[in-house]
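Every number in this text was worked out from the coordinates using simple rules, so none of it is lab data. This structure is a prediction, so every number in the text was calculated from the model and none was measured. Reconstructed Cβ throughout: ideal geometry from the backbone, glycine too, with neighbour counts over all protein chains shown.
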Amino acid sequence: MIAYHGKPEVKDLYLSRAKAHRAADELVKGATGEGGKGCAVWCTFDKYDHSRGPIEIGIPVELIGLQDFFFENLPEAESQAWPERFLSAAPVGADLRQVRDRFTLWLLTEELAPLTSKHCEAMGGWFRRLVNGENPSREEGQKIAWAAWGDWAAWDAWAAWDAGDAWAAWAAWDAWAAWAAWAARDARAARDARDARAARAARDAGDAGIKSILRQSEALLRLMSEAPVSMKG
C-alpha cells in the first residue's frame, strides 16, 4: 500500500474534490453527508467511511481516523484548511504504514514531555523499538500498559494503538484537561464563573489544549511528509 497508489493524478483528483466541497461551504464539523454537507472524511470520499482510505488513496485507515479527529477538534479556521493540508502532506508513492507508530512515539516522548511519567517513558521505549524495527512483542507492550493503569497518557496511547483506533491523540488532549476547558473557553463561561481564578485557569487550560491540538496536527503532517517513498506497489 502506497499513497495515491503511486499516481499523481489520483492525488490531484482527491485534493480537487476536497477543495470543491470547502468552496461550496459543504465542509461541516459533525456532518456525515446529510443535506450535502459532511466532515473531512465525507469530503474526501463523498461518503463517511474510514475504510475507503486504503482502497481509494492508499492511506491507512488509522490515519483517516486521525484526519477525522483533527478536523473535528481544530479551531474553525485550521479545521477548514485541514482536509487539503492532510491530503497534500503525503507524497505520491509514500509508504505511510509506520506513521501512526511514529506519531504515538512523538506523543509520548515529546508532546507529553512536560508531564512525563515513568510509564510514558517505558511506553515510549516500546514504541521507539517498534519504529526502529526491533519488533517488540505485543505482550511486552501490554504488560507496560497494565502497569500504567491510572496513568492516562501511557494507557490511552497503548489502548488506542492496540485497538487500531485513531484516538492516540486523545492522550495529549486529555493531558491538558483540555476537553473540559474547551467547553468553558468562551466569554460567557468566564463571565458566569463566580471565581475569577477558576475562570482564568479554565481559559489557560483551554489555550493550552488548543495549542496542543495544533502541535499534534502539525506533527502528523510532518511525519506523513517524511514517510519513505517507493513507487513499487
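Per 5 Å bin from zero, what fraction in whole % of the C-alpha pairs of region 1-54 is there, up to the bin with the longest pair?
The percentages, shortest bin first, are 4, 23, 27, 23, 14, 8, 2.
To the nearest 0.05, how large is the calculated FRET efficiency for SER88 and LYS118 if R₀ is 35 Å and r is the Cβ-Cβ distance? Walk me through the intermediate numbers first.
Numbers: r = 39 Å, r/R0 = 1.10.
After rounding, the FRET efficiency stands at 0.35.
For region 92-97, in order, what is each residue's ³J(HN,Hα) by Karplus, 6.51 cos²θ - 1.76 cosθ + 1.60 with θ = phi - 60°, in whole Hz (x at glycine and Pro)?
Result, rounded to whole Hz: 4, x, 6, 8, 9, 5.
What does the charge count around MET1 come to, taking other residues whose C-beta lies under 10 Å from its C-beta (Lys +1, Arg +1, Asp -1, Glu -1)? Let's see the in-between values first.
Numbers: positive: ARG97; negative: ASP95.
Local net charge: 0.
Compute the distance in nm between two label points, each set 7 Å from the Cα along the Cα-to-Cβ direction, one at ARG17 and one at GLU134.
Those two pseudo-labels are separated by 4.1 nm.
How many angstrom lie between the C-alpha centres of region 89-113 and region 129-147?
Each part's Cα centre sits 17 Å from the other's.
Between LEU214 and LYS29, what is the FRET efficiency for a Förster distance of 22 Å, r being their Cβ-Cβ separation, to the nearest 0.05? List each step's numbers first, then the result.
Details: r = 16 Å, r/R0 = 0.74.
So, using R0 = 22 Å, E works out to roughly 0.85.
Summing Lys, Arg as +1 and Asp, Glu as -1, what charge do residues with Cβ under 13 Å from the Cβ of SER79 carry, SER79 excluded?
Its environment carries a net charge of -2.
At 0.36 nm per residue, minus the direct Cα-Cα distance, what do LYS47 and ALA159 gain on full extension? Give it in nm, one decimal, please. If you can, show how the numbers build up before the last one.
Details: separation 112, 0.36 × 112 = 40.32 nm, distance 2.75 nm.
Fully extending the segment from LYS47 to ALA159 adds 37.6 nm.
How do ARG97, ARG138 line up, fewest other C-beta atoms within 10 Å first? Mind showing how you got there, number by number?
Values: ARG97 16, ARG138 10.
Least crowded to most crowded, the residues run ARG138, ARG97.
Given that compact globular proteins tend to follow 2.2 N^0.38 Å, what is the ratio of the alpha-carbon Rg of region 3-89 to that value?
Working: Rg = 11.6 Å, N = 87, 2.2 N^0.38 = 12.0 Å.
Against the compact-globule rule of thumb, the ratio is 0.97.
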